[in-house]
Amino acid sequence: MEEKIKNIEAAAVEAVKNAANLQALDEIRVKYLGKKGELTAILRGMKDVSAEDKPKIGKFVNDARAVIENEIQVKNAALKESALEDRLQNEKIDITLPGRAPKVGHFHPITLTLNHIKKIFMNMGFSVEEGPEIEEDYFNFELLNLPKDHPARDMQDSFYITDEILMRTQTSPVQARTMKAHKNNEPIRMIAPGRVYRRDDYDATHSPMFTQVEGLVIDKGITFADLKGTLEVALSEIFEKKVGVRFRPSFFPFTEPSTEVDISCVMCGGKGCRVCKGTGYLEILGAGMVHPKVLEMNGYNYKKVSGFAFGLGVERIAMLKYGIDDLRLFYDNDVRFLNAF
Ligand code: PHE
């Protein structure tokens with residue numbers, strides 16, 4: 001019996017020594033020390049051993065068990081160490097490799113143009129106002145002297161949500177909202193940038209959604225000369241070159257007189273080219289003196305103050321500034337286009 005135990009011990013120690021990894025080591029532990037292990041089997045067989053041999057054999061088994069356990073513990077530590085060593089070797093990070101730069105986004109060309117325009121007017125003392133894109137008919141039309149049956153509504157084929165609510169067709173309702181927010185003929189000098197919506201084609205020069213900047217100035221003694229001077233300075237700053245300005249008579253229900261404003265062609269300087277279709281001028285915005293009725297409807301006394309207003313299309317300006325010939329490029333989200341800015 002003693003010999004058998006010694007043999008088991010020797011075989012176990014040998015197996016432990018050769019264990020290739022932690023899993024193999026665990027299998028060895030089960031094989032020799034587990035409930036169904038070889039040493040346990042001997043202890044189970046003790047009932048057949050004589051009473052005087054029992055303590056002796058018990059001691060042998062326990063000694064062998066202790067030796068094997070100790071070997072396993074030592075091996076376990078060694079295997080763990082070498083496993084860690086392996087990982088350290090294999091998972092080493094080569095810090096000399098060049099880094100991968102994160103891709104950084106940037107402003108959309110329309111936003112860039114808008115920010116530029118905002119800055120120019122803010123430097124001239126204008127505040128920046130906002131209004132909702134889902135607007136009441138009342139603000140979009142009614143308060144701008146366009147009652148329900150007014151034929152000029154047809155010029156702005158509209159997206160109605162209910163009879164009284166629509167996607168705003170222009171930024172002009174912010175004129176009404178701003179006037180209504182003031183009392184006692186308080187002076188106003190504001191711009192209102194934002195998106196507007198009209199039922200329209202989608203082609204190189206049209207889109208059912210586009211961006212406008214509205215302008216409104218109200219004070220004592222504001223004249224057409226103020227409108228002209230302001231636009232001349234602002235447009236020259238926007239195009240970063242001195243541009244000539246031409247006023248053509250026009251009609252808007254909320255301004256009187258009304259005007260269409262052209263600038264000398266930024267491509268050819270007025271000589272005539274493809275972009276200006278040989279005319280030397282580019283149509284750039286609508287403007288006029290605020291209609292007395294509009295002042296009155298929005299709480300201003302037209303006998304005490306006067307004002308001018310204008311509305312310009314941001315896409316049109318961005319196209320001219322950057323030499324882009326198709327409006328849709330702004331909305332296609334093609335990164336090859338966007339990366340050019
Ligand atoms: N709201 C007009 C349009 O969208 C432009 C405009 C604004 C004209 C202010 C005059 C004064 O066509």
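The values are calculated or read from the model by the stated rules, or taken from the named source; none is laboratory data. Fair warning: this is a prediction, and the values are worked out from it, not measured in the lab. Every residue, glycine among them, receives a Cβ derived from its backbone with ideal geometry; neighbour counts consider all protein chains shown. Side chains are part of the model used for accessible areas, which takes the heavy atoms of the whole protein and leaves out ligands, DNA and RNA. Shrake-Rupley method; radii C 1.70, N 1.55, O 1.52, S 1.80 Å.
With unit charges on the beta carbon (Lys/Arg positive, Asp/Glu negative), name the residue among 295, 235, 272 whose Cα is farthest towards the positive pole of the charge dipole of the stretch 166-308.
The residue sitting most towards the positive pole is 295.
So, in Å, what gap is there between the alpha-carbon centers of the stretch 1-49 and the stretch 290-310?
104 Å
Mind ordering 256-264, 86-94, 64-72 by average Cβ neighbours within 10 Å, highest first?
256-264, 64-72, 86-94
Pick from 83, 192, 309: which is most flexible by mean-square fluctuation in a GNM of the chain where alpha carbon atoms under 10 Å apart are linked?
Checking each option, the largest mean-square fluctuation is seen for 83.
Would you mind getting the accessible area per residue of the stretch 109-338, heavy atoms of the protein chains only, 1.4 Å probe, in Å²? Please list the in-between numbers first.
On the way: 11120 Å² over 230 residues.
Result: 48 Å² of accessible area for each residue.
Please list, by residue number, everything in the stretch 194-211 whose backbone N is under 20 Å from a paramagnetic label point 7 Å out along Cα→Cβ of residue 161.
Under cut-off, by backbone N: 194-200, 208-211.
How much mean residue ellipticity at 222 nm does the chain get from its helices, if each DSSP H run of length 4 or more adds -39500 (n - 2.57) and you divide by all residues, to the nearest 500 deg cm²/dmol?
Details: 11 runs with 134 residues, N = 341.
So the calculated ellipticity at 222 nm is -12000 deg cm²/dmol.
With the full set of protein chains in place, find how many percent of the accessible area of the stretch 109-338 is carbon and sulfur; take the probe as 1.4 Å.
51 percent
Using a 1.4 Å probe on the protein heavy atoms, what percent of the accessible area of the stretch 2-90 belongs to carbon and sulfur?
For the stretch 2-90, the apolar C and S fraction of the accessible surface comes to 52 percent.
I need the calculated FRET efficiency for the pair residue 339 and residue 112, taking r as the beta carbon distance and R₀ as 22 Å, to the nearest 0.05.
0.95
Counting heavy atoms of the protein chains only and a 1.4 Å probe, report the per residue accessible area for the stretch 2-90 as a whole number of Å².
69 Å²
Ordered by packing density, taken as the mean number of other Cβ atoms within 10 Å over each peptide's residues, highest first, how do 47-57, 116-126 rank?
Ranked from most to least packed, the peptides come out as 116-126, 47-57.
How far is it, in nm, from the label point at residue 180 to the one at residue 152 when both lie 7 Å from their Cα along the line to the Cβ?
Distance between label points: 1.9 nm.
Could you check the simple spin-label distance between residue 95 and residue 11, using points 7 Å along Cα→Cβ, in nm with one decimal?
In this crude spin-label approximation the distance works out to 5.2 nm.
Going through the cross-link list 148/180; 17/92; 119/321; 17/59; 31/75; 17/56, which pairs have a Cα-Cα distance over 19 Å in this structure?
Where the Cα-Cα span goes over 19 Å, the pairs concerned are 148/180; 17/92; 17/59; 17/56.
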